[in-house]
Each structure stands twice: as C-alpha cells, then as structure tokens.
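These notes concern the structure reproduced below.
The values are calculated or read from the model by the stated rules, or taken from the named source; none is laboratory data. Bear in mind that the values here come from a model prediction, so they are computed numbers and not experimental data. A quick note on method: Cβ atoms are made from the backbone with ideal geometry, for glycine too, and the neighbour counts reach across all protein chains shown. The protein model used for the area step is the full one, side chains on, heavy atoms only, and it has no ligands, DNA or RNA in it. Shrake-Rupley method; radii C 1.70, N 1.55, O 1.52, S 1.80 Å.
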Amino acid sequence: MNCSSATAVLKISHSVWDDFAASVRKYLGQLLPSVTFSDTAQTCELSFGLDFKDNKMTFDEILDLPQAISRDYGKKMVVCIDEFQNINEYDDPLAFQRKLRSHWQKHTNVCYCLYGSKRHMLLDIFHNYNMPFYKFGDILFLEKIPKEDWIEFIGRKFSETGKEISGELCSMITGLMKNHPYYTQQLSQQVWFRTATVASAEVVDEAFSDIIGQLSLLFANIIDTLTPRQINFLLAVADGVTNFSSKEVLIKYQLGTSANIKNLKKAATEKDLVDILPGNRIELQDPIFEHWLKHIYRTR
C-alpha cells in the first residue's frame, strides 16, 4: 500500500482510527506512550513508541489484556502466536508456560491459536503429561498445499507481472520442492527473477541448482554432527524405505541391528531432520536436504 492509499483508508475509517487510538491510550498508555502517523511526500510511517522502563502494568495485567479488551468491547478475539515451540527456549520455560496457562484458561472471550513448524516439539508441549499445556486444546495437523493449487497460484503470479510459465513447469517446481510451502515459493521467485518473458525448464534447473549451492555448506555442517549410522538412516529415509528393520535394509544401509532403529528415529526427530507422519511414515523435513543427500553427498 502506498502513502496516498494509506491516507485514504484512514480518512474513510476515521472513527475506527479514533477507536484504535482511544484503545491504545486506555489499555496501553503506560506501555506505549506514543502513536505517530507521518504522511509526507517522502515518507509514510506508522510508529509506536515502546518504553518498558516506566511501565506500571503488572505481568498479570498484560497477560489478561486480550480478555479485558474483548470483554469491554463485547467482541470475541483470536490471538495467533507463530513458532510457539520456541517458548521452550525461554528462561525457566516450564514456569512461564504454567503462568500462561493459568491466565489463558480463564479467558472466555479469547481463543488462542498456537502454531509452529516443529511438529515433535509442539507435540511434546501439548501431549506430554508433565507439560503445563498438556491437552490445552484441539490439535490440528495441516496437510501440504495440493499441487493443483500451487500450479494455479504460480501461473497466476507470473501472469500478473507480465510473464509466462507453463503448467508443466509449475508442476516441475512443486515436484522438486515436494509442495514444501517455503521452498516452493523460493524456487518460484528465483525462476521469476531469471525470466524475461517466458520461463523455461533450463531456468528452473538453474534456479534449483543455485538454491542447493547456497545451502550446501549448511547441509555439510549438519552431516558433521551425525554418526555414520544416523547418516545412513537419513539416506534410507530419502530413498523411501518404510521397513527399516528388514534384514535387507539393515545390511544395505549398515544400520546395525533392528534394535537400533528406534534410537535412530528418535535422534533424527529431535534434530528436526525428519517428520513422523500418520501411519508411522517417515520423511525428511527439508526437500533440498533430501536432494543434496541423494545426489551430492552420496556421490562424493
């Protein structure tokens, strides 16, 4: 949104802006003492001044703020917190989680949507009987975006900017990235950058190779932290192995005995290298890492 557009929106929703400013003064006046809107030919800026030193709100009042606002305005509120598993990195994380739950479970007008990208860490937070957030709410696992939707999305975005890409190449991009949301968009962007008018398979291959090159050092560092059997286990996963305890697989990938498999799965999961999917299926989290393992690391 450019500066004139932002100004127009504020003018037609003047009462909404007034309500917002009043809310800031009422609920966050001590926490956010200044709200500034600048509209000049050169800049367009909306800024909030943070000053915790003079804040007189207690920790409990801050945690109850969503409930207080929802109650006063008579409206429901949804609070979304991304990468919630990072709460385990806080100082004394269990005490902090207990504090959060003691407040949030009493909020009748607020729904908390807690999500993240580390499946096993989130499961530990919500499924571990010893954790404060044990069975705090419903758990939903989001499936990958279907290939058909990606194809339509990529093609439309190219078209909107005056460039062309065929459905076959869109399918090629999603296939290389296995529908991984971040990587699919990254590869699409790199292809777009390299395309003057019409995308080609050569451009897709070039962009894909560049992304692998950028991440190769990272992947090599990951390998350096693993034991030979852990590496072999990842290679087996990359090859699509499902029965890791079979005699043929144990010999081919040098995994030792079948008793080792449980520990190898646990180590790979805790390092955020694999996901355990429904049906006890295992797959590598990172499709680029998978490709690097199979086609670069293995050929060394």
Scattering profile of the stretch 131-183 from the Debye formula, Cα beads only, expressed as log10 I(q)/I(0) at q = 0.16, 0.18, 0.23, 0.32 Å⁻¹, is -0.55, -0.62, -0.85, -1.22
In this structure, among LYS106/LYS266; LYS135/LYS294; LYS157/LYS266; LYS76/LYS99, pairs with alpha-carbon gaps over 31 Å are LYS106/LYS266; LYS135/LYS294; LYS157/LYS266
Placing each pseudo-label 7 Å from Cα in the direction of the beta carbon, GLU160 and SER117 end up separated by a distance in nanometres of 2.2 nm
So for R0 = 41 Å, FRET eff. of GLN189-ARG101 from the Cβ-Cβ r, to 0.05, ends up at 0.55
The aspartates and glutamates whose Cα lies under 13 Å from the Cα of LYS265, excluding any fewer than 8 residues away in the same chain, are ASP275, GLU283
Expressed as a percent, the accessible surface of the stretch 69-115 that is carbon or sulfur, using a 1.4 Å probe and the full set of protein chains, is 52 percent
